[in-house]
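Have a look at the structure below, then the notes.
The values are calculated or read from the model by the stated rules, or taken from the named source; none is laboratory data. Model, not experiment: these values are computed from the prediction. Accessible surface areas use protein heavy atoms only, side chains included; no ligands, DNA or RNA. Shrake-Rupley method; radii C 1.70, N 1.55, O 1.52, S 1.80 Å.
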Amino acid sequence: RVVMDQLNTHKPAAFYQFFPPDYAQAYLDRFEFHYTPKRGSWLNMAEIEIGVLKRQCLDRRIYHAATLRAEVAAWQRRRNTTNRPIDWQFTTDDARIKLRQLYPIEIEKDLQIQT
């Protein structure tokens, strides 16, 4: 399984640009493509779900791989049936404050001018 974003080069036809047709088809037969949503932050959604999994299911030591698989599968079934939406609470203003140290001072000045 391959998870990809919606970039225009991320299409099965791209394999034929780089490989001979028989190789390209052999690769395509092995892969199952899953594309991320065109809008919204799918990575944030995935990180949120992993955090929920950790808090609700993996908050203890699980000694056997079979037990781990069974626990995660049961959690996944429960989670999928509840169909809970994600409540976005991190605003652009919050990001500018929290991530300020990641940006050069010039960009910070530009942001102050724009707001």
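General observations
- Using a probe of 1.4 angstrom and keeping all protein chains present, the accessible surface of the stretch 42-103 works out to 90 square angstrom per residue.
- For the pair Ala13 and Ala65, the difference between a 0.36 nm per residue extended length and the Cα-Cα distance amounts to 14.9 nm.
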